[in-house]
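Below you'll find the structure, written out as structure tokens, and then a few comments.
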Amino acid sequence: MIKYIMSKKDNEKALWGILLSVIVFGVGYYFLNYIATLEEPPLGHTIHILIGSTLMAVAFLGVVLILKYLYDKRKRKKRRESKRRKHKIVFLKNPKEKINSNS
């Protein structure tokens, strides 16, 4: 499964990453709002509140970093194309051809 995901294009990898982040966010939300509000949760209220908050924060950061990576990649590509348009490539003539044309 990991080789399958790693062989895909960047946009598809980003989509998988965002999907995984949404799932992690859902698990964190479940921990925070359902398990932590039970009368007697198995490990106590505090640990479930910490786990839920941490999972939600990590998922949010994951989505933000993935979107930033995609935006920066697109921006870098546009910048590279604009640099190519500004500078025309000039090929120097071969000095041997110049000598032959003079004689």
Would you kindly find the accessible area of Phe60, with a 1.4 Å probe and non-protein molecules such as ligands, DNA and RNA excluded, rounding to the nearest 10 Å²? 130
On the full set of protein chains, 1.4 Å probe, figure out the accessible area of Val24 and give it in Å² to the nearest 10. 40
Apply 1/(1 + (r/R0)^6) to the Cβ-Cβ distance of Leu61 and Tyr34, taking R0 = 22 Å, and write down the FRET efficiency to the nearest 0.05. 0.45
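The values are calculated or read from the model by the stated rules, or taken from the named source; none is laboratory data. Since this is a predicted model, take the numbers as computed values, not measurements. Quick reminder, even Gly has a Cβ in these numbers, built from the backbone with ideal geometry, and neighbours come from all protein chains shown. These accessible areas exclude ligands, DNA and RNA; they are computed on the full protein's heavy atoms, side chains included. Shrake-Rupley method; radii C 1.70, N 1.55, O 1.52, S 1.80 Å.
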